[in-house]
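Comments concern the structure below.
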Amino acid sequence: MERAEAYGFCGAVSGAFLLSCLLFAAVSRRQRAPYMDEVFHVPQAQAYCQGRFLQWDPMITTLPGLYLLSVGVVKPAAWLLGWTGSVVCSVGMLRFINLLFSAGNLYLLYLLLLKIHQKNKAVSGFQRILSALTLATFPTLYFFTFLYYTDPGSVFFTLFAYLMCLYGNHKTSALLGFCGFMFRQTNIVWTVFCAGNVVAEKLNEAWKTELQKKKDEKISSKKGSFSDLTRILQFLIKYLISPKNIVKLTALTWPYIVLVTVFFGFVFINGGIVVGDRSSHEACLHFPQLFYFLSFTVFFSFPHLLTPTKIRKFLLSLRKHPLQYGIITVIFLFLIWKFTYVHKYLLADNRHYTFYVWRKVFQRHELVKYVLVPFYVFAGWTFADTLKSKSIFWILMYFVCLLAVTVPQKLLEFRYFILPFLIYRLNIPFPSIYRQLLELGFYIVVNAVTFYLFLNRTFQWENSDEIQRFMW
């Protein structure tokens, strides 16, 4: 990192943290008491603060990583600063933990951009800082910086594990992956993703060697053809059935294998992935979740994905391969027809964006979910097109992890899309500064609207005296 870039990044971090502190103060003044899921998280953390580690709220569905870390931070800080009484592990103090995670996420996002795009010498320090700031203010994540939720910590440990994986520190990566798992069980998928990065790298090296032997074209020119995909799958099977290759890959990825084994042991002992209340978190094959994620990604990355050039390229591809797109469309229609689920929370809770998206769009008519299929096809194409700089094995590995983290979820919840979106966004090529500024501006507007609604547009339910607030 050059000195000017280092100074610029320090200034950006300081400025972002100061603004977040001011917003944190505003949120804390308006909403002093625990709100939404905080009514479960805050008392649980306070019980741990008082040494009652055997107490557990059965409504909590995640492991106690957030509460254990909170006690590990707040208790020493209280001792050093002489804090006593109710201020220790107060609502504000616990929420402040996520403000620290947010600053850490900004730093990790910058380091990941630096590492992933290190070979691209055309990228300036300003672009890296701008992209890191943009992703750190990603609306669905940034909002929960100011409440005591698991999301900022979950993202922090997962991104940290990914960074260590990219630097080859796989033991550290697996340990950080375990911390992420303790915040949210589904983060085990991103441990598999880290292992998949190692495997994809070795597969890509072997594939290039195979092509060199056959004096064929480079792998980057082989994407998109069905015959080429068949050949790649044949190579993949041949590579993975070799005992020598399996031993080599196992030696590289054993820390992740150990963690995944621990996860399966937990699932066996626990009787499922969810702890606490399982009635509202039943796993199912909800394939349209993938389409919702693609739409979500196009919405928040429209400066990169929804451009005239992209649309023209898609229409050209559609004209060249009508049969392939026809088959894909039929598959999408079938998946929507047979595998669409509507969670009771989605229909009942009018405090979230998803409630209004579902009511204003999907509930207008029974056919709306089918009418949207052409857009889903385009979203899938433009999503994949931006990843064409990655190896085919990395793309396959990421897609498998994306399916694993989205499809089993019955509830349409935008928070579940945070990590797959960030990992996708980190790995696409750097856009122009104009598009980056447009993206940042859009995030700022969305955040401003959301916080304005949360702070100022309160309402009440007919059967409750409690003040309700609109949120993600």
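Of the cross-linked pairs Lys202/Lys388; Lys121/Lys213; Lys310/Lys360; Lys115/Lys238; Lys202/Lys390; Lys119/Lys213, which ones have a Cα-Cα span greater than 20 Å in the structure shown?
On the way: Lys202/Lys388 18 Å; Lys121/Lys213 30 Å; Lys310/Lys360 28 Å; Lys115/Lys238 31 Å; Lys202/Lys390 14 Å; Lys119/Lys213 26 Å.
Among Lys202/Lys388; Lys121/Lys213; Lys310/Lys360; Lys115/Lys238; Lys202/Lys390; Lys119/Lys213, the Cα-Cα distance tops 20 Å for Lys121/Lys213; Lys310/Lys360; Lys115/Lys238; Lys119/Lys213.
Projected label points at Lys115 and Leu100, each 7 Å from Cα along the beta carbon direction, are separated by 2.2 nanometres. A Cβ-based charge dipole, computed about the Cα centre of the chain with Lys and Arg at +1 and Asp and Glu at -1, lands at about 1520 debye.
I'd like to check one number: the per residue accessible area of segment 282-431, probe 1.4 Å, reported in Å² as a whole number.
Details: 6940 Å² over 150 residues.
Per-residue value: 46 Å².
Full extension of the chain between Phe17 and Tyr167 yields a length gain of 51.3 nm, computed as 0.36 nm times the residue separation minus the alpha carbon distance. With only Cα atoms counted, the chain has Rg and Dmax values of 23.1, 74 Å. Distance from the Cα centroid of segment 237-252 to that of segment 337-365 is 45 Å (rounded to whole angstrom). The accessible surface of segment 282-431, taken with every protein chain in place and a 1.4 Å probe, is 70 percent carbon and sulfur.
Modelled spin-label separation between Val39 and Leu233, with each label point placed 7 Å from Cα along the Cα-to-Cβ direction: 5.0 nm. Adding -39500 (n - 2.57) for every DSSP H run of four residues or longer, then dividing by how many residues the chain holds, sets the calculated 222 nm ellipticity at -22000 deg cm²/dmol. Projecting label points 7 angstrom from Cα along Cα→Cβ for Leu306 and Lys213 puts them 4.7 nm apart. The packing ranking, built from the mean of other Cβ atoms within 10 Å per residue, places the peptides 437-448, 319-330 in the order 437-448, 319-330, highest first. Using the average count of surrounding beta-carbon atoms within 10 Å as a protection proxy, the listed peptides 37-44, 410-417 rank, highest first, as 410-417, 37-44. Amide H contacts of Met471: His352, Tyr353, each under 5 Å away and 5 or more positions distant or on a separate chain (H built 1.01 Å from N in the peptide plane; Pro and chain starts excluded).
Enumerate the helices in the chain for which the Kyte-Doolittle hydropathy averages -0.5 or more and the C-alpha atoms extend at least 30 Å along the helix's axis, using complete DSSP H runs. List each step's numbers first, then the result.
Values: long enough: 3-30 (41 Å, 0.92); 91-116 (37 Å, 1.57); 188-213 (37 Å, 0.13); 243-270 (35 Å, 1.29); 433-456 (34 Å, 1.14).
Length and hydropathy pass: 3-30, 91-116, 188-213, 243-270, 433-456.
For Lys338 and Val262, the FRET efficiency from 1/(1 + (r/R0)^6), where r spans their Cβ atoms and R0 equals 30 Å, is about 0.30. The residue among Trp394, Leu455, His321 whose Cα reaches farthest toward the positive pole of the charge dipole of segment 315-472, with charges on the beta-carbon of Lys, Arg, Asp and Glu, is His321. Length available on full extension from Ile433 to Lys388: 0.36 nm per residue minus the Cα-Cα distance, which gives 14.1 nm.
What do you get for Rg/Rh of segment 232-316 when both radii come from the Cα atoms and Rh is the Kirkwood radius?
Numbers: Rg = 20.7 Å, Rh = 18.0 Å.
With Rg and the Kirkwood Rh in hand, the quotient comes to 1.15.
Taking a point 7 Å from the Cα of Leu68 along the Cα-to-Cβ direction, the residues of segment 259-273 with backbone N closer than 17 Å to it are 259-267, 269-270. Taking every C-alpha pair closer than 8 Å and separated by at least 6 residues, the mean separation divided by the residue count of the chain gives a relative contact order of 19 percent. Taking 4.7 Å between beta carbons as the limit, the unpaired Cys residues of the chain are Cys10, Cys21, Cys179, Cys284, Cys401.
Stretched out fully, how many nm does the piece from Lys244 to Met471 gain, at 0.36 nm a residue minus the Cα gap? Walk me through the numbers on the way to the answer.
Numbers: separation 227, 0.36 × 227 = 81.72 nm, distance 5.22 nm.
76.5 nm is the gain from fully extending Lys244 to Met471.
Under a model in which nothing but the beta-carbon of Lys, Arg (+1) and Asp, Glu (-1) is charged, segment 282-431 shows a dipole of about 360 debye around its Cα centre.
The values are calculated or read from the model by the stated rules, or taken from the named source; none is laboratory data. These numbers were taken from a predicted model, which means no experiment stands behind them. No Cβ is skipped: glycine too gets one built from the backbone with ideal geometry, and neighbour counts run over all protein chains shown. Protein only, heavy atoms only, side chains kept; ligands, DNA and RNA dropped before computing areas. Shrake-Rupley method; radii C 1.70, N 1.55, O 1.52, S 1.80 Å.
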